[in-house]
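Q: Have a look at this one.
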C-alpha cells in the first residue's frame, strides 16, 4: 500500500487491523490456547478483496517485457508468453517464474508458497506445424536453500475463472460443460416438482430463472455467439448446435412446470411456462453485457479495446468482443456516459427528491409547492437536432426571471472519429 501511495491514515488503519491478532480453535468440549495469526486477514472482512489487490500487485507486475503478460483475480493468476515458437515461449515462462523478483520470489517473500502440482500450462500454437516441446520443468528455491523441481504437464483443457479453455479457443469443451450443467438442473427441477410433497409450479419457475439460468449462462458473453443470419439469409450462424441442445433441455423443464403432455410443441411450452426461448434468452444476456461494456467511461482500461472491437467486424482472429458487438449492434460512441460525482461520506444533500405515482398527485404537489414564497421550475427538450434547457423563477406566485440555453446537439447527430 505504501508503494501504491495510499494515504498514511488508511495504511495505519490496516496495520492496526492486522497486528497482534489471535484466534482459538473450538470443537466439542475442547478450546485451544490463543494462536497467533501472522498471515492473511480476518475471514469475511469486506476489505479482503481490496487488500488482496495490493497484496497480489507485485505478482501481476512481474511481466515487464512487451512479449509478456500477466493477469490475476484474487488467488488465480496466469502468465502469458508470446514468442515465435513454443520452445521459446516455454523458456520465457520459465524465466518469468525463476528470475529474481519473479513468480517464485513473490511466493516466498509474501508467505504464499505455490503448490507446484497444481500448476498447469497450455500451448497456443500458431499452426499445426508448430510441434509442442516436452513438459516444462520449474525449479523453486525454498527458504532453507533447498531446490524443489516439478515437471509441469501440458493441459489439453483447463478451467480458469469458471470458463474452460482449449488450445484453439473453440469453446467446445465449455459447451459440453454447459450442456451437462443444464441437464443436471433439469433433473433437479424434476425431483423438486414431485406430485407428493414437491414444490408448486410457480416456485419451480422462480428457481429455474434465478438459480439455474445464471449458473449455466455464466460468462456467456465470452463463449456464446448470438444467433444471426448469413448475408444471403439462407443460413443461421453462431452457437446454433448448442442452442438446439439447450432448447431440448429447457423443453423438459417447461413440461415439468406446466405438467403438459409429452407431445406438446416446445414453443407452446415456453409460452405457457413464461420462459424465454433459448436463443432470445442468450441474446438478452449478450445485450446486457454489451450495454454494460459500452457504458464504461473513457478512463476505463477496457474502453479503447471496446471501441476498436465495435468499430468493425474483422474477418480473421475475431475475439469475443467482436462477436458481441456485431451481434447486438451496439455502438459505444452512441451510449451516453454518466460521470459519477465524488461526495464525502458524511455528505447530506440540501434538497430532497420525490417522484409521485400518478399525474394527479404530481399536479397536487406542484400546486402546493407553488404556494411557497420562492419556487423554481426547470425542464429540457430536444428540437431541430439540439438539446435545450429552461428555468423559471417565481416569487410570491409571480414570474420574476426566465433562463434558457442550448446545451448541445443530439447524441446521434454528433460527429465522431475513431482512430
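The values are calculated or read from the model by the stated rules, or taken from the named source; none is laboratory data. For clarity, every value in this text was computed on a predicted model and none was experimentally measured. Cβ atoms come from the backbone with ideal geometry, glycine included; neighbour counts cover every protein chain shown.
Q: Taking the residues in segment 177-205 that are without any contact (Cβ under 8 Å) to a residue 12 or more places away in the chain and closer than 26 Å to residue 225 by Cα as candidates, determine which candidate is surrounded by the fewest Cβ atoms within 10 Å (Cβ to Cβ).
A: The extreme case among them is 180.
Q: Kindly evaluate residue 291 against the criterion of being surrounded by fewer than 15 Cβ atoms within 10 Å (Cβ to Cβ), assigned to a helix (DSSP H, G or I) and in contact (Cβ under 8 Å) with a residue 24 or more places away in the chain.
A: Details: surrounded by fewer than 15 Cβ atoms within 10 Å (Cβ to Cβ): yes; assigned to a helix (DSSP H, G or I): yes; in contact (Cβ under 8 Å) with a residue 24 or more places away in the chain: yes.
Yes: the conditions hold for residue 291.
Q: Let me ask something else about it. Which of the residues spanning segment 355-383 are surrounded by 10 or more Cβ atoms within 10 Å (Cβ to Cβ), over 24 Å from residue 395 (Cα atoms) and in contact with a strand residue (DSSP E or B) (Cβ under 8 Å, 6 or more places away or on another chain)?
A: 382
Q: Taking only segment 239-252 into account, find how many residues are touching a helix residue (DSSP H, G or I) at 6+ places or on another chain (Cβ under 7 Å), in contact (Cβ under 8 Å) with a residue 60 or more places away in the chain, buried (at least 19 other Cβ atoms within 10 Å of the Cβ) and under 14 Å from residue 224 (Cβ atoms).
A: 2
Q: If you don't mind, another one. Just wondering, is there one or more residues in segment 389-411 that are at pLDDT below 80 and either touching a helix residue (DSSP H, G or I) at 6+ places or on another chain (Cβ under 7 Å) or more than 20 Å from residue 336 (Cα to Cα) (or both)?
A: So far as segment 389-411 goes, yes, one or more of its residues are at pLDDT below 80 and either touching a helix residue (DSSP H, G or I) at 6+ places or on another chain (Cβ under 7 Å) or more than 20 Å from residue 336 (Cα to Cα) (or both).
Q: Does residue 248 qualify as being farther than 25 Å from residue 170 by Cβ and more than 22 Å from the chain's Cα centre (by Cα)? Show your work before the answer.
A: Working: farther than 25 Å from residue 170 by Cβ: no; more than 22 Å from the chain's Cα centre (by Cα): yes.
Against the criterion (farther than 25 Å from residue 170 by Cβ and more than 22 Å from the chain's Cα centre (by Cα)), residue 248 does not qualify.
Q: Which is in the same structural domain as residue 126 (by TED's automatic domain parsing), closer than 25 Å to residue 159 by Cα and assigned to a strand (DSSP E or B), of 53, 78? Spell out how you get there, then give the answer.
A: Details: 53 fails: assigned to a strand (DSSP E or B).
After ruling out the rest, the residue left standing is 78.
Q: Here is a further query. Considering each of 226, 197 in turn, give the residue that is within 30 Å of residue 273 (Cα to Cα) and touching a helix residue (DSSP H, G or I) at 6+ places or on another chain (Cβ under 8 Å). Can you show your working first?
A: Working: 197 fails: touching a helix residue (DSSP H, G or I) at 6+ places or on another chain (Cβ under 8 Å).
Exactly one of 226, 197 is within 30 Å of residue 273 (Cα to Cα) and touching a helix residue (DSSP H, G or I) at 6+ places or on another chain (Cβ under 8 Å), namely 226.
Q: Filter segment 1-33 for residues that are closer than 20 Å to residue 110 by Cβ and touching a strand residue (DSSP E or B) at 6+ places or on another chain (Cβ under 9 Å) and give the result.
A: 18, 21
Q: Considering segment 34-71 alone, what residues qualify as being loosely packed, with under 13 Cβ neighbours inside 10 Å and touching a strand residue (DSSP E or B) at 6+ places or on another chain (Cβ under 6 Å)?
A: Correct list: 34, 35, 36.
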